[in-house]
Amino acid sequence: MSIEQKLYDEAANFVKYRYPLGWGGAAAVYTAAGSLLISVAPEVINDATHLCMETGAYLEAHKLNERVTHSICVARDDEHSEFKVLTPCGVCQERLFFWGEDVKAAVYDPDGRLIYKRLDEIQPYHWSQAYREK
């Protein structure tokens, strides 16, 4: 089984465990050291303090001082719905760029296929290109 599929399966299984009824979502990341880290969005009272589902796993990778190589975020509308892969938002893409443009992130596909793209494919005109040595 590929690491891409394993991340999807682990995230989806975690959602089924953590959110047995109703909406559910989770993120999973894989690191160069072989860690598989899972996180969810915290439940908050004030939506201005909301964080993306991936944030906890990214912070855990930083804590462990491990380089993220793959990232996926999945959600379902309720316990009877299929899972959707959510492309990382712009803020999460910025967080992932810390580990380099070759990090692979799962992206939404309307046909439900599991597709991963490198960050430089998702965001080919990233601002950091202005600071690269030629």
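The values are calculated or read from the model by the stated rules, or taken from the named source; none is laboratory data. In this text, all values refer to a predicted model and were calculated from it rather than measured experimentally. When we count neighbours, we look across all protein chains shown, and the Cβ atoms used for this are built from the backbone with ideal geometry, even at glycine. Just so you know, the surface numbers come from the protein's heavy atoms only, side chains and all, with ligands and any DNA or RNA stripped out. Shrake-Rupley method; radii C 1.70, N 1.55, O 1.52, S 1.80 Å.
Quick check: residue separation of residue 18 and residue 80 times 0.36 nm, minus the Cα distance between them. What number comes out in nm?
Additional length available on full extension: 20.8 nm.
Scanning residues 5 or more positions from residue 115 or on other chains, those with amide H under 5 Å from its amide H are 107, with H placed 1.01 Å from N in the peptide plane.
The phi-based Karplus calculation (6.51 cos²θ - 1.76 cosθ + 1.60; θ = phi - 60°) puts the 3J(HN,Hα) values of the range 117-129 at 10, 5, 4, 5, 7, 5, 9, x, 10, 4, 4, 5, 4 Hz, whole numbers, x for Gly and Pro.
Label zone (residue 118, point 7 Å along Cα-to-C-beta; backbone nitrogen cut-off 19 Å) within the range 69-92: 69-72, 88.
Remark on the chain: Rg and Dmax equal 14.9, 53 Å (Cα only). A DSSP coil position with no more than 16 other Cβ atoms inside 10 Å describes the following chymotrypsin sites (Phe, Trp or Tyr not before Pro) in the range 85-134: 98, 108, 125. Rg/Rh, computed from the Cα trace of the range 51-91 with Rh as the Kirkwood radius, has the value 1.06.
Amide H contacts of residue 103: 119, each under 5 Å away and 5 or more positions distant or on a separate chain (H built 1.01 Å from N in the peptide plane; Pro and chain starts excluded). Label positions at residue 3 and residue 62, each projected 7 Å from the Cα along the C-beta direction, are separated by 2.1 nm.
With protein chains left intact and a 1.4 Å probe, residues in the chain average 60 Å² of accessible area per residue.
With all protein chains in place and a 1.4 Å probe, the accessible surface of the chain carries 53 percent carbon and sulfur.
Please identify, among 11, 32, 48, the residue showing maximal mean-square fluctuation in a Gaussian network model of the chain using a 10 angstrom Cα cutoff. Highest fluctuation among the options: 48.
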